[in-house]
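Reading through the structure tokens given below for one structure.
The values are calculated or read from the model by the stated rules, or taken from the named source; none is laboratory data. Everything numeric here is computed off the predicted structure, so don't read it as measured data. Heads up, the Cβs are rebuilt from the backbone with ideal geometry, glycines too, and the neighbour counts pull from every protein chain shown. Accessible surface areas use protein heavy atoms only, side chains included; no ligands, DNA or RNA. Shrake-Rupley method; radii C 1.70, N 1.55, O 1.52, S 1.80 Å.
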Amino acid sequence: MRDNEISLNSIKAINLFIRVLIGGVVVSVVAFHFGVSIESAQKTLFFLILSIPVLRTLQFLVHYLKNKEFGMVSVLLFLLLLLGLGLNLK
Amino acid sequence: MEAQFLPILVGFVVAMVGASIGVGGGILLVPIFTLWLHYPIYVVVPVSTVCVLVTSISATPSNEVKRLVNYRLAFILELSTVLGALSGAYFLSRFKASVIYQVFGVVAFLVAVLTLIRSFSKEKILKPSKGQEIGILGGWFTNSATQIEEAYAVREKHFPFVMGASYVAGLFAGLLGIGGGALKVPILNVILGVPFRVAAATSTFMLGITAAASGFYFFINHQIDFDLASKVVMGVFLGGKVGAHLMRSLPVEVLKKVFTLILFFLSFKMWSAGL
């Protein structure tokens, strides 16, 4: 692929982050089973899970900025703006 | 006790079946939770959206390692898909449950028909002719049959139509809690000429961004049931891993036909539940 500059190490790091978050979900289910409701921790956990695609978009934004591909940079900025809109729509 | 483990089990089975035949779980999760486990559709759709996101982010790294994701194409199409997802999420709490059931029935029927057509149709790859550039959106992929790296181009003149179709796919994703991969993959392959493997990997990557948009909306508006979501996500994550391993040993073509039949049945059940 054209975008093979995104390193395997960063893919591995994100994969590890995903596993840690899912591990957190498992802990929250076990805690709930024993009558402990950790709603605020769960909220944070899910917010982080939802943020992973935003992190990936930011990662590519940096990649395209480095390569001075301003067409793709503007696409990603607009996309981030739209994702931010999801956080502000009521 | 049973009620505690049922969502985990359902998430596990749905993701296992989904991963082994290459579809997301949303289209099965929503009917099962609403029709048989009697959860309100307004609770199930946000939970299913989170599950779609988890499926996407856990499946994408292996596709990235194989260099199958076309990021440029994904990001450009996401502009309209995310807009669609935000509109869908916005409409969820504003539509009557019966309307959502009926829309789900129609979309599930459409997905079943597309899956059926796909199982009989041939792959359409747009290969650049000799000396021709692959263009801004084209790329390379390893042909699984020949193990040779091949170039492909993208039919850019059809892009406005594909952007419109992506908006509709996003709208259904936000409103119904489905991934919409079954709609996107044929569009990417048949209309743009992207190889199936690349289309499937790119679509899986896109699902995460789409689900993040509607997921943020549901999160901010307190529409996510975190306890139910935790259980289903746990099942979906484990089921997805098992399904990906089973893919090599199960009769996938038979499973796909069974899946299509189940989908026709679910589309009818969802439609009639909305009447």
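One table, with the values for the structure above:
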read-out	value
The stretch B:124-146: number of residues that are at pLDDT 75 or above, surrounded by 12 or more Cβ atoms within 10 Å (Cβ to Cβ) and not hydrophobic (A, V, I, L, M, F, W, C)	7
Residue in the stretch B:112-123 that is within 26 Å of B:PHE75 (Cα to Cα) and more than 17 Å from the chain's Cα centre (by Cα) present	yes
Residue match in the stretch B:179-194 (condition: in a loop (DSSP other than H, G, I, E, B), under 22 Å from B:LYS124 (Cβ atoms), within 14 Å of chain A (Cβ to nearest Cβ) and not basic (Lys, Arg))	yes
Hey, A:LEU48 under 23 Å from B:MET234 (Cβ atoms) and more than 8 Å from chain B (Cβ to nearest Cβ) or not	yes
Residue in the stretch A:39-48 that is aromatic (Phe, Trp, Tyr), surrounded by 13 or more Cβ atoms within 10 Å (Cβ to Cβ) and part of a helix (DSSP H, G or I) present	yes
Single residue of B:ARG94, B:ARG72 found to be more than 14 Å from the chain's Cα centre (by Cα), farther than 28 Å from B:PHE265 by Cβ and more than 11 Å from chain A (Cβ to nearest Cβ)	B:ARG94
So B:GLY177, is it at positive phi and open to solvent by less than 10 Å² (accessible area, probe 1.4 Å)	yes
Failed criterion for B:SER203 (all others in (1) within 12 Å of another protein chain (Cβ to nearest Cβ); (2) crowded, with 22+ Cβ neighbours inside 10 Å hold)	(1)
Matching option when the condition is assigned to a helix (DSSP H, G or I) and facing chain A (nearest Cβ under 9 Å), among B:VAL43, B:VAL52, B:VAL82, B:VAL14	B:VAL82
B:ARG118 being in a helix (DSSP H, G or I), basic (Lys, Arg) and within 14 Å of another protein chain (Cβ to nearest Cβ)	no
Matching residues in the stretch B:206-219 - criterion: being among the β-branched types (Val, Ile, Thr) and facing another protein chain (nearest Cβ under 7 Å)	B:ILE209
Candidates B:SER93, B:SER20, B:SER62, filtered to the one that is open to solvent by less than 40 Å² (accessible area, probe 1.4 Å) and small (Gly, Ala, Ser)	B:SER20
Any hit, the stretch B:111-123, residues being closer than 29 Å to B:ILE100 by Cβ, at pLDDT 85 or above and among the small types (Gly, Ala, Ser)	yes
Filtered residue count, the stretch B:220-236, keeping only those that are more than 8 Å from chain A (Cβ to nearest Cβ), over 23 Å from B:SER20 (Cβ atoms) and part of a helix (DSSP H, G or I)	1
Residue among B:VAL30, B:VAL52, B:VAL69 that alone is among the β-branched types (Val, Ile, Thr) and open to solvent by 10 Å² or more (accessible area, probe 1.4 Å)	B:VAL52
Filter result for the condition that a residue is in contact with a helix residue (DSSP H, G or I) (Cβ under 6 Å, 6 or more places away or on another chain), facing chain B (nearest Cβ under 8 Å) and among the aliphatic types (A, V, I, L, M), over A:LEU61, A:LEU83	A:LEU83
Hits in the stretch A:64-74 - residues which are more than 7 Å from chain B (Cβ to nearest Cβ), on the phi < 0 side of the Ramachandran plot and not hydroxyl-bearing (Ser, Thr, Tyr)	A:LEU65, A:LYS66, A:ASN67, A:GLU69, A:PHE70, A:GLY71, A:VAL73
Flag if A:LEU77 is in a helix (DSSP H, G or I) and either under 23 Å from B:VAL65 (Cα atoms) or at the interface with chain B (Cβ under 9 Å from one of its Cβ atoms) (or both)	no
Residue identified as in contact (Cβ under 8 Å) with a residue 40 or more places away in the chain, surrounded by 15 or more Cβ atoms within 10 Å (Cβ to Cβ) and out of contact with any strand residue (DSSP E or B) (no Cβ under 6 Å at 6 or more places or on another chain) among B:VAL111, B:VAL99	B:VAL111
